[in-house]
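Beneath this line is the structure, given in structure tokens, with notes to follow.
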Amino acid sequence: MKPRMSTNNSAPLVREPVPARRSRPSVRGNKGIKTSTSFTINRPAEELYAFWRNFENLPRVMEHVESVQCMDNGRSHWRVKRSGDKFMEWDAEVINDHPNELIAWRTIEGSDVRHAGTVRFTPAPGGFGTEVKLSVEYEVAGGGFTEGLAKLFRHSPDQQIREDLRRFKQLMECGEIPTTVGQSAAREKEVSLKYEEAK
Amino acid sequence: MRALCWHGKRKVQVDTVPDPKILNPRDVIIRITSTAVCGSDLHLYNGFVKSMEEGDILGHEFMGEVVEKGSEVKNLGMGDRVVVPFTISCGQCPSCQKQQFSLCDNSNPNAWIPEKTYGDTTAGLFGFSHMLGGYAGGQAEYVRVPFADVGPLKVPSGIPDEKLLFLSDIFPTGYAAVERCNITHGDVVAVWGCGPVGQMAIRSAGILGAAKVIGIDRFAPRLALAEKGGAETINYEECDDLEGELRARTGGRGPDVCIDAVGMEAHGITTVAKIDRAKQALMMETDRPYVLRQVIQCCRKGGRVSIPGVYVGLVDKFPIGTAFSKGLTLSMGQTHMQKYMRPLFDLVEAGKIDPSEIITHRVSLEDAPDAYRVFCDKEDDAVKFVLKPGASRSSPKQN
């Protein structure tokens with residue numbers, strides 16, 4: 001079986017051909033979660049890149065990310081909701097940055113969560129916006145899948161990442177994220193959330 | 001406010017629910033002056049559409065006046081009179097930019113459900129299941145309209161609601177079903193189903209230049225209305241051989257254009273139709289393709305088949321070999337409403353068509369549960385119900 005990711009230390013962090021300039025993979029071998037998803041967004045790459053490059057914007061589209069603070073040393077501090085009212089926190093650094101084309105980041109050494117992500121912007125054919133591909137990896141140090149990652153993802157990680165990128169598309173194209181939460185119905189319980197949570 | 005709510009199969013009632021609120025900057029709130037029951041509402045009523053929840057407000061054909069608006073709505077003012085399309089479209093995604101408004105990428109908050117079923121999402125619709133957005137519908141006193149800077153058509157006073165209301169769905173739906181068949185001189189158009197969409201398709205075929213229009217149904221009042229709209233008619237229950245009859249009326253060729261304005265709950269009188277009904281009841285197929293097979297069988301070789309009738313799932317014995325052998329062109333799907341509303345308004349304003357002539361029943365919103373039952377069971381010669389919010393309860397029929 002072809003491994004999804006090489007264990008060679010000089011291999012790409014994610015499956016994208018990111019130039020090798022590091023000595024340590026964030027997520028080892030075939031452990032943890034690796035997923036990617038794509039949308040075509042009808043906005044220029046410059047605009048999409050600029051939004052994403054300021055990581056402090058990401059909680060607007062990433063539902064489980066409570067906050068991101070960019071620090072002076074180029075690193076960012078992420079505070080992410082896990083199950084219950086608890087949070088996980090880590091620091092991340094940008095490891096690759098090609099304006100209007102690609103941003104790659106990963107957690108710094110010693111983090112409880114090993115996480116890496118790449119977002120890639122490619123012009124869509126025919127001038128209909130930009131193809132955006134998001135690839136992410138997660139591994140919780142010292143914990144197996146069920147103990148660690150299950151707390152980080154309420155639902156399918158694949159679906160959660162897809163919904164994050166969908167919200168990015170919605171916000172960039174529409175200026176708002178469509179919702180029915182809070183609308184009228186003849187019932188006590190809000191069922192819009194039931195469908196939100198079923199993702 | 002008062003609103004018609006779904007509580008299960010063949011169970012709807014008018015409830016008091018909270019008034020709608022602005023939830024996003026591009027929303028408006030409309031006070032509804034007129035709202036209609038659509039044939040496709042009966043698919044919900046009969047429990048054929050999944051992901052309905054008890055308490056959902058139904059209704060996707062409505063008009064009214066703007067009473068509240070979000071900060072980003074610049075094109076509408078308070079008190080503006082608007083007709084609202086049943087499809088919710090953002091206007092900015094690649095689909096909307098190609099004028100494929102009913103395929104909007106963004107307007108369905110539950111996009112993941114159709115993505116898992118159909119491989120892709122389509123536009124959110126008012127009052128038409130959570131799979132298609134879960135938006136509260138407009139058989140109510142008020143409704144929240146998202147992306148109000150894209151959907152609602154501003155209309156002048158002076159033309160009564162009844163002539164404009166069907167710009168919200170059935171007139172564009174019937175018109176688009178014919179228009180996409182590119183009618184040319186001499187074309188004969190056959191329309192299966194003389195319900196509201198069929199009636200609009202019949203009238204649109206005349207406007208678009210069809211040489212002859214043939215309406216097919218089993219209810220005499222609907223056939224009479226089709227004749228009023230300019231069609232010849234066939235009552236299929238009184239006809240042993242529908243295909244033979246259509247060929248006889250077209251010099252042996254068959255109709256150039258065949259339109260399925262019936263959809264997934266087709267009725268038929270043959271053994272095969274009864275088998276489809278049994279299979280649907282046993283969940284062995286979700287949709288009854290009785291009319292779908294007929295339109296393909298009866299269409300002339302090289303002709304066009306158009307499907308405005310709603311299908312949601314799977315059918316058996318789809319005659320792909322017939323369609324292939326005869327080189328048919330098939331077109332289908334929900335209507336790209338925003339593309340049609342303005343030009344069709346112009347036709348109404350110019351007096352080229354009066355969509356209100358299909359209205360058989362005008363009742364209070366409070367009478368909506370009776371309206372659903374009567375419409376579903378085809379009682380009382382019902383073709384089209386219009387509901388008036390705020391009116392007092394009345395008897396079901398008051399023509």
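The values are calculated or read from the model by the stated rules, or taken from the named source; none is laboratory data. Predicted, not measured: the structure shown is a model, and the values here were computed from it. Neighbour counts run over all protein chains shown; Cβ positions are idealised from the backbone, glycine included. All accessible areas refer to the heavy atoms of the entire protein, side chains included, with ligands and DNA or RNA removed. Shrake-Rupley method; radii C 1.70, N 1.55, O 1.52, S 1.80 Å.
General remarks:
- For the stretch B:276-374, alpha-carbon Rg over 2.2 N^0.38 Å: 1.48
- A helix-only calculation puts the protein assembly as shown at -6500 deg cm²/dmol for mean residue ellipticity at 222 nm, using -39500 (n - 2.57) for each DSSP H run of at least four residues, averaged over all residues.
- For residue B:37, nonlocal amide neighbours, meaning residues 5 or more places apart or on other chains whose placed amide H falls under 5 Å from its own, are B:385, B:387.
- Between 0 and 90°, nearest 10: helix B:337-349 axis offset from chain B longest Cα axis: 90 degrees
- Gain upon complete extension [residue B:282, residue B:228; 0.36 nm per residue less C-alpha separation]: 15.5 nm
- Net charge of the neighbourhood of residue B:297, taken over other residues with C-beta under 13 Å away and scored Lys/Arg +1, Asp/Glu -1, is +2.
- Karplus (6.51, -1.76, 1.60) ³J(HN,Hα), θ = phi - 60°, over the stretch B:372-385, in Hz, Gly and Pro reported as x: 4, 5, 5, 5, 5, 8, 6, 7, 6, 6, 5, 10, 8, 9
- Carbon and sulfur %, accessible surface of chain B computed with the full protein complex present, 1.4 Å: 51 percent
- Violating pairs (Cα-Cα greater than 28 angstrom) within the set B:50/B:279; B:50/B:274; B:163/B:274: B:163/B:274
- For the pair the stretch B:274-353 / the stretch B:1-68, the C-alpha centres are spaced 26 Å from each other.
- Near the amide H of residue B:364, within less than 5 Å, lie the amide hydrogens of B:388, B:394, all on another chain or at least 5 residues away, with H placed in the peptide plane.
- Prolate/oblate/rounded call for the stretch B:174-332, Cα gyration tensor, a/c under 1.5 rounded: prolate
- Taking amide H as placed 1.01 Å from N in the peptide plane, the amide H of residue B:288 sits under 5 Å from that of B:265, B:266, each at least 5 places away or on another chain.
- Residue B:248/residue B:373 FRET efficiency (R0 30 Å; Cβ-Cβ; nearest 0.05): 0.20
- Most mobile of B:22, B:30, B:170 in a GNM of chain B (Cα contacts under 10 Å): B:22
- Under the Karplus curve 6.51 cos²θ - 1.76 cosθ + 1.60, θ = phi - 60°, whole-Hz ³J(HN,Hα) for the stretch A:102-119, x wherever Gly or Pro sits: 7, 10, 10, 9, 7, 6, 7, 4, x, 6, 5, 10, 8, 9, 9, x, 9, 10
- Remark: relative contact order (the stretch B:218-274) = 19 percent; criterion is Cα-Cα distance under 8 angstrom and separation of 6 or more residues.
- Here the 3J(HN,Hα) profile of the stretch B:317-330, calculated from phi with Karplus coefficients 6.51, -1.76 and 1.60 at θ = phi - 60°, is 6, 6, x, 5, x, 5, 4, 5, 4, 8, x, 6, 10, 10 Hz, Gly and Pro shown as x.
- The protein assembly as shown shape via C-alpha gyration tensor axes, a/c threshold 1.5: prolate
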